[in-house]
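Engineer: I'd like to ask you about the structure that follows.
The values are calculated or read from the model by the stated rules, or taken from the named source; none is laboratory data. Remember, it's a predicted structure, so these values are computed and weren't measured experimentally. A quick note on method: Cβ atoms are made from the backbone with ideal geometry, for glycine too, and the neighbour counts reach across all protein chains shown. Note: accessible area is taken over every heavy atom of the protein model, side chains too, but ligands, DNA and RNA are not part of it. Shrake-Rupley method; radii C 1.70, N 1.55, O 1.52, S 1.80 Å.
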Amino acid sequence: MRNRQIRNFIANSISSIALLLSCNTYSNDSPIVLVEPAYPWNQAVSTKLYCSVSSPPLHQISSHTEAELTQVKPVGSIIKAGELVAEQDGFYLSQEIEIIRTDLEITQSQLTYAEEELSRLTKLRAADMVSPSHLNHLKLNVDTHRLNRQRLEQQLKTAEYRHERLQHFAKTDSQVLNIDANPGERLNPGQRVMQLLPLTENQIECSLPEEHLDSENLLSNSTFKLKNRDIHLRNISYTVIPETQNLNLYFEASREKFKPLLVGQRFEITMLTPFSSNNKQELITKVPSDAVRLEDGQYKVWTLDSDQRAVRVDVQIIDTLGDHFIVSSTIEPGDLLVVLGHEGLQPNETVTPTEREST
């Protein structure tokens, strides 16, 4: 730091000497001033959000049928998406499926026979050889067998669905959080087997003080950063917590992007909101601190127009940045600002600019 100050002092001294020599040499010409350009600056108001990692709803693994539990992953196991986490015995359900299929074949045979009998006697009805009541009875048999077949098909579909779910798989990368049943236990339909904690669906929940919402476009215009990386705002709570007058913001926390984040971990997210000036004609720029002068209680800067004439501009200091000021004014990036030689300048006076790099 001390070496830097010495170098700056020497550079400024050399610049001043060169400027004075130039002024003596060209005393009859326009005054020579040392200038530096204004730089662009994307000003944003920084707000700290206090956040924590929360898990989405736990995945519940439950039994779909009455069957014995044969195996289950132990608590703490890390499971990949699609990996088997628990399995139930399928013997009794397999036998039930075979019985339903047998009943379906019997019903189908009965239906075929009833339909053939109805078709045969319907032809005899034209010759008055079959009574209407007998014919109606045959129609009832056909309808009954058809409905029985439909019912058995539905039972078969349900049994096959349950049979497919005797093996339980993880829907996403997870960790076994709890086990509610042990191998050898005969489970009932709906009984919970285990709970899985998703590892790739964590969300970040942050508190935002309600007073920051002075503009309805605040959140849509803001960007958010976690550990200098952009993070996506997923949802906004429309309920203010009465005790703290905060509302919650919810962010996506992909494990692939933010691997160190753990459930329950606390940290901060930076919300960057673009600075908006009350005067739409004003811009935010970074200017050398040597260019800013306090005159009559107002900060001013001397800049040059296209004809190299001096123009005095009012500025509002927003922030400091090393040897520069962040200001709000009509100054545009690239405008030349007088950093040495202000004394005696008059508005619209023609000057000869010299940039620091060339001295």
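Engineer: Look through 171, 139 and report the one residue that is open to solvent by 60 Å² or more (accessible area, probe 1.4 Å) and under 26 Å from the mean Cα position of the chain (by Cα).
Structural biologist: Among 171, 139, only 171 is open to solvent by 60 Å² or more (accessible area, probe 1.4 Å) and under 26 Å from the mean Cα position of the chain (by Cα).
Engineer: Identify, please: which residue in the range 328-342 is modelled with pLDDT of 85 or more and either of a type in the set (Phe, Trp, Tyr) or not in a strand (DSSP E or B) (or both) and is, among those, farthest from residue 33 (Cα to Cα)?
Structural biologist: Selected residue: 330.
Engineer: If a residue must be in contact with a Gly (Cβ under 7 Å, 6 or more places away or on another chain), part of a strand (DSSP E or B) and within 30 Å of residue 337 (Cβ to Cβ), how many such residues does the range 30-75 contain?
Structural biologist: Residues flagged as in contact with a Gly (Cβ under 7 Å, 6 or more places away or on another chain), part of a strand (DSSP E or B) and within 30 Å of residue 337 (Cβ to Cβ) within the range 30-75 amount to 4.
Engineer: Can you report the number of residues in the range 80-116 which are in contact (Cβ under 8 Å) with a residue 12 or more places away in the chain, in a helix (DSSP H, G or I), more than 19 Å from residue 69 (Cα to Cα) and open to solvent by 40 Å² or more (accessible area, probe 1.4 Å)?
Structural biologist: The total comes to 5.
Engineer: Give the residue, chosen from 48, 73, that is open to solvent by 30 Å² or more (accessible area, probe 1.4 Å), among the charged types (D, E, K, R) and more than 20 Å from residue 167 (Cβ to Cβ).
Structural biologist: Checking each option against the conditions leaves just 48.
Engineer: Looking at the range 237-254, I want the residues that are open to solvent by 60 Å² or more (accessible area, probe 1.4 Å) and have a partner that is in a loop (DSSP other than H, G, I, E, B) with Cβ atoms under 7 Å, at least 6 apart or on another chain. Which pairs are those?
Structural biologist: Close Cβ pairs satisfying both conditions: 252/232.
To keep it simple, each residue is scored yes or no on (1) in a strand (DSSP E or B); (2) within 17 Å of the chain's Cα centre (by Cα); (3) at pLDDT below 80.
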{"site": "239", "(1), (2), (3)": "no, no, no"}
{"site": "256", "(1), (2), (3)": "no, yes, yes"}
{"site": "263", "(1), (2), (3)": "no, yes, yes"}
{"site": "303", "(1), (2), (3)": "yes, no, no"}
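Engineer: Got at least one residue in the range 326-338 being open to solvent by 20 Å² or more (accessible area, probe 1.4 Å), in contact (Cβ under 8 Å) with a residue 24 or more places away in the chain, of a type outside the set (Phe, Trp, Tyr) and at positive phi?
Structural biologist: Yes, that holds for at least one residue.
Engineer: Criterion first (open to solvent by 40 Å² or more (accessible area, probe 1.4 Å), of a type in the set (Ser, Thr, Tyr) and either part of a loop (DSSP other than H, G, I, E, B) or modelled with pLDDT of 95 or more (or both)) does residue 27 satisfy it?
Structural biologist: Against the criterion (open to solvent by 40 Å² or more (accessible area, probe 1.4 Å), of a type in the set (Ser, Thr, Tyr) and either part of a loop (DSSP other than H, G, I, E, B) or modelled with pLDDT of 95 or more (or both)), residue 27 qualifies.
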